[in-house]
Amino acid sequence: MPNSPLPVYITEKLIRRAIAHNNAADGRQHKQSLSGITQLVLKGGITIRGTIRKLDFGTCTGQLSNLKHLDLSNNEIIHIEHLDQFQGVLTELSLANNRISRIKNLQPLRTSLQVLNLNGNNITRIPESIAQLSRLRVLGLAKNKLALLDDCKRLAPLTALVQLEVRDNPATQTLSARDFVTFHLPQLDMLDR
């Protein structure tokens with residue numbers, strides 16, 4: 001049996017290590033408080049050693065108060081927790097190419113999140129709760145395991161949604177899938193770019 005990578009949890013220490021790594025790469029020597037961070041990229045295999053399996057910001061509560069862009073793509077994240085500290089702040093979240101099977105725990109981001117990239121996960125259903133993300137403009141659900149095309153109707157209340165990616169899902173393999181989506185989501189400017 002091959003060795004599995006040890007889980008890496010998002011902690012203040014991990015974020016400070018990533019900042020130090022980025023500063024060294026840029027030749028900067030200044031310290032930055034966590035509250036000054038507006039963009040955080042913790043891509044698996046690039047920024048950190050190990051793999052993030054659980055998205056948990058509990059130990060950083062209140063310290064990332066200005067974070068607007070968070071990229072955690074290419075890890076092995078299966079679960080999302082403690083996003084309440086980003087309520088009204090986080091506008092872009094990329095969880096592409098992880099192992100997420102259910103979209104949940106995004107309620108704290110309902111008034112701020114504008115871009116959500118969940119491409120390349122194991123998501124099988126679009127939950128009704130996604131309609132709470134009232135400012136969502138871009139949603140990536142390509143290369144998942146969406147089985148019911150009818151679930152796309154749950155995106156209809158998202159009047160700000162202008163770009164949607166749903167290609168390479170079991171539900172989108174029919175010839176009529178594109179017509180179905182555009183009929184139920186007339187607000188879209190771009191489908192499967």
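The values are calculated or read from the model by the stated rules, or taken from the named source; none is laboratory data. Since we're looking at a predicted model, the values are computed, not measured. So basically every Cβ, Gly included, is an ideal-geometry build from the backbone, and we count neighbours across all protein chains shown.
Here are the numbers for the structure shown:
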quantity	calculated
Matching residues, segment 115-136, being within 21 Å of H184 (Cα to Cα), surrounded by fewer than 19 Cβ atoms within 10 Å (Cβ to Cβ) and not acidic (D, E)	V115, T124, R125, P127, S129, A131, Q132, S134, R135
Single match in L164, L141 (criterion: modelled with pLDDT of 95 or more, surrounded by 21 or more Cβ atoms within 10 Å (Cβ to Cβ), within 13 Å of D192 (Cα to Cα) and touching a Gly at 6+ places or on another chain (Cβ under 9 Å))	L164
Filter pass, S112 being among the hydroxyl-bearing types (S, T, Y), touching a residue at least 12 places away in the same chain (Cβ under 8 Å) and out of contact with any Lys or Arg (no Cβ under 7 Å at 6 or more places or on another chain)	no
Criterion (surrounded by 15 or more Cβ atoms within 10 Å (Cβ to Cβ) and either at pLDDT 80 or above or part of a loop (DSSP other than H, G, I, E, B) (or both)) met by exactly one of L55, L40	L40
